[in-house]
Amino acid sequence: MGDQAVDRGTYLIRGGTVVSVDPAVGTQERCDVLVRDGVIERVAAGIEAPDADVIDAADMIVMPGLIDSHFHMWSALGRNFIADDYGYFPAKWATSAHYAPEDFYNSVLLGLVEAANAGITTVHNWSHNTRTPAHADAELRAHRDGLIRARYAYGHRDMLPVDEPLSFADVDRVRDQWFGSDDAFDGMVHLGVNLRGPDLGETPVFLAEMQEARARSLPVAIHTEQGGVTKVRAADLDRWGFLGPDFLICHFLAATAEDRAVMARTGTPLSFSVHSELRLGSAGDPRTALLRWREAGVTVSLSIDATSIHPVNLFEAMSVAWNMGIPWEGTDTAELPEVGFADCIEMATINGARALGLGDVTGSLTPGKRADIILIRGTDINVGPVVNVEATIVRSVTPANVDTVMSDGRIIKRGGVLTAFDAARTMANARNSAQAVLERSRG
């Protein structure tokens with residue numbers, strides 16, 4: 001796993017400002033976190049653990065690792081294929097068929113390493129260009145080497161005809177080969193599917209695909225239209241028996257009050273891609289949508305979408321969401337509560353965990369959960385002086401301020417340096433793959 005062996009140990013994170021995202025633990029200054037064999041054992045002041053490797057967290061913020069609920073990782077290496085007159089969709093359509101399996105490996109690993117560097121310890125790999133079994137295996141090899149928690153959501157190849165359903169034969173092979181009794185990921189990765197849904201495929205095809213997914217008890221994710229009229233209606237999805245905590249909807253800017261109410265009642269989560277909604281979201285105003293989703297009580301998580309739209313930076317996503325999340329005078333949002341700093345942190349941590357079915361595993365610094373933890377330097381020139389710690393996280397912190405990253409009790413970044421990966425080699429391989437994809441696409 002990774003570029004070198006990384007073992008779980010016993011660690012005492014000492015004296016930091018702990019932002020636990022757990023109401024029972026709260027936010028505490030000069031607090032310790034004890035981690036043993038991948039588990040958060042205690043969160044309290046003055047912990048004694050003579051057998052622990054002590055991590056000095058004085059002047060640092062200690063918080064859960066961030067969680068991205070929607071990331072098309074196969075195209076991470078193509079983030080700079082776009083231009084002013086050549087946007088995300090034209091670039092994707094022109095190049096998607098020209099990725100070889102090894103390009104998928106290099107792209108997904110690039111995304112995973114960059115995510116780890118940015119304090120993201122769980123990611124939803126929304127693989128909506130799974131071209132062949134070899135491409136799926138390449139992505140899964142990257143997850144095996146990537147050392148962070150994930151859902152691998154198997155999906156259709158890009159531009160699959162709208163009347164052609166996803167074949168579940170290879171989904172079954174992947175489940176048996178990678179997620180069987182001999183789990184290749186030590187419990188860090190779980191399998192799901194992403195489907196085109198009524199907006200991006202024909203409704204009978206979607207219904208057939210859902211029957212296959214439900215027969216296998218697989219969690220499902222779908223997109224809705226950002227730039228047009230949506231055919232997705234929550235009442236229909238509920239009537240068909242699809243909604244619930246294991247059915248994730250992305251974008252859905254055009255949702256009605258009824259849609260939001262049905263999703264809240266059924267516990268159906270939403271993935272909100274802040275930059276993508278602003279750039280591509282002509283189907284509805286993303287600022288109003290964010291306020292209305294929260295008012296309805298829907299679980300809203302944050303996501304990157306694709307790196308040609310959104311940087312791998314959930315701190316920036318939190319900051320933009322906070323800046324967006326204000327009621328408008330003279331509109332029907334005028335009386336709604338604004339989005340607060342703690343709300344943004346929850347969207348990037350525990351809500352992401354809930355959206356991926358991992359709320360009991362990660363997303364907060366709760367004793368008994370797995371140790372997905374990040375440490376942020378509070379004395380960096382763009383961060384301090386730290387007064388309100390939640391405001392600091394949302395408004396000031398960037399990935400460059402992430403000092404230490406612990407994933408499932410393994411330290412993969414320390415002292416601001418990735419210790420579990422050869423970042424230069426990862427970038428060199430991604431650069432070579434990007435050039436190869438471009439050359440193939442140009443004939």
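The values are calculated or read from the model by the stated rules, or taken from the named source; none is laboratory data. On a predicted model such as this, the values are computed, not experimentally measured, just so you know. Cβ coordinates were reconstructed from backbone atoms using ideal geometry, including for glycine residues, and neighbour counts include every protein chain displayed. Each accessible area value is taken on the protein alone, full model and side chains, heavy atoms only, with ligands, DNA and RNA left out. Shrake-Rupley method; radii C 1.70, N 1.55, O 1.52, S 1.80 Å.
The condition (being part of a loop (DSSP other than H, G, I, E, B) and touching a residue at least 24 places away in the same chain (Cβ under 8 Å)) is satisfied by just one residue among D7, D68: D7. Quick check: is even one residue across the stretch 23-46 open to solvent by 10 Å² or more (accessible area, probe 1.4 Å), touching a residue at least 24 places away in the same chain (Cβ under 8 Å) and either polar (S, T, N, Q) or within 26 Å of H128 (Cβ to Cβ) (or both)? Yes, some residue in the stretch 23-46 is open to solvent by 10 Å² or more (accessible area, probe 1.4 Å), touching a residue at least 24 places away in the same chain (Cβ under 8 Å) and either polar (S, T, N, Q) or within 26 Å of H128 (Cβ to Cβ) (or both). All of V25, V54 fail the test of being part of a strand (DSSP E or B), modelled with pLDDT of 95 or more and hydrophobic (A, V, I, L, M, F, W, C), apart from V54. Within the stretch 248-264, the residues that satisfy the criterion of being out of contact with any helix residue (DSSP H, G or I) (no Cβ under 7 Å at 6 or more places or on another chain) and farther than 29 Å from Y152 by Cβ are T256, A257. Just to verify a result, which residue in the stretch 220-239, among those that are open to solvent by 20 Å² or more (accessible area, probe 1.4 Å), out of contact with any Leu (no Cβ under 7 Å at 6 or more places or on another chain) and assigned to a loop (DSSP other than H, G, I, E, B), is nearest to I309 (Cα to Cα)? Filtering the stretch 220-239 for residues that are open to solvent by 20 Å² or more (accessible area, probe 1.4 Å), out of contact with any Leu (no Cβ under 7 Å at 6 or more places or on another chain) and assigned to a loop (DSSP other than H, G, I, E, B), the one nearest to I309 (Cα to Cα) comes out as E225.
So which residues in the stretch 83-137 are part of a strand (DSSP E or B) and open to solvent by 30 Å² or more (accessible area, probe 1.4 Å)?
A83, Y86 - these are the residues of the stretch 83-137 that are part of a strand (DSSP E or B) and open to solvent by 30 Å² or more (accessible area, probe 1.4 Å).
A count restricted to the stretch 285-298 and to residues that are in a loop (DSSP other than H, G, I, E, B) and either among the hydrophobic types (A, V, I, L, M, F, W, C) or crowded, with 21+ Cβ neighbours inside 10 Å (or both) stands at 1.
For the stretch 150-169, filtering for residues that are open to solvent by less than 10 Å² (accessible area, probe 1.4 Å) and among the charged types (D, E, K, R) leaves 1. Inside the stretch 304-325, residues that are modelled with pLDDT of 95 or more, within 15 Å of the chain's Cα centre (by Cα) and open to solvent by 30 Å² or more (accessible area, probe 1.4 Å) make up a count of 1. When G192 is tested against the conditions (1) part of a helix (DSSP H, G or I); (2) at pLDDT 95 or above, the lone failure is (1).
Of the residues that make up the stretch 228-245, is at least one modelled with pLDDT under 95 and either within 19 Å of D68 (Cα to Cα) or touching a Phe, Trp or Tyr at 6+ places or on another chain (Cβ under 8 Å) (or both)? Yes. Determine if the stretch 264-271 includes at least one residue that is in contact with a strand residue (DSSP E or B) (Cβ under 9 Å, 6 or more places away or on another chain), part of a helix (DSSP H, G or I) and not hydroxyl-bearing (S, T, Y). No - not one qualifying residue is present in the stretch 264-271. Restricting attention to the stretch 74-106, the residues being at pLDDT 90 or above, touching a Ser or Thr at 6+ places or on another chain (Cβ under 7 Å) and either farther than 16 Å from R431 by Cα or among the aromatic types (F, W, Y) (or both) number 2.
Kindly establish whether L140 is open to solvent by 10 Å² or more (accessible area, probe 1.4 Å) and either under 29 Å from R8 (Cα atoms) or part of a helix (DSSP H, G or I) (or both). No.
If a residue has to be within 22 Å of the chain's Cα centre (by Cα) and either of a type in the set (D, E) or surrounded by 20 or more Cβ atoms within 10 Å (Cβ to Cβ) (or both) to count, how many in the stretch 382-392 make the cut?
Going through the stretch 382-392 one residue at a time, the tally reaches 2.
The criterion of being at pLDDT below 95, over 20 Å from D68 (Cα atoms) and either of a type outside the set (S, T, Y) or open to solvent by less than 40 Å² (accessible area, probe 1.4 Å) (or both) holds for A254. Selection over the stretch 393-443 of residues that are open to solvent by 10 Å² or more (accessible area, probe 1.4 Å) and touching an Asp or Glu at 6+ places or on another chain (Cβ under 6 Å) gives a count of 3.
Taking the stretch 170-189 as the search range and keeping residues that are assigned to a helix (DSSP H, G or I) and open to solvent by less than 70 Å² (accessible area, probe 1.4 Å), which one is nearest to L270 (Cα to Cα)? The residue in question is V171.
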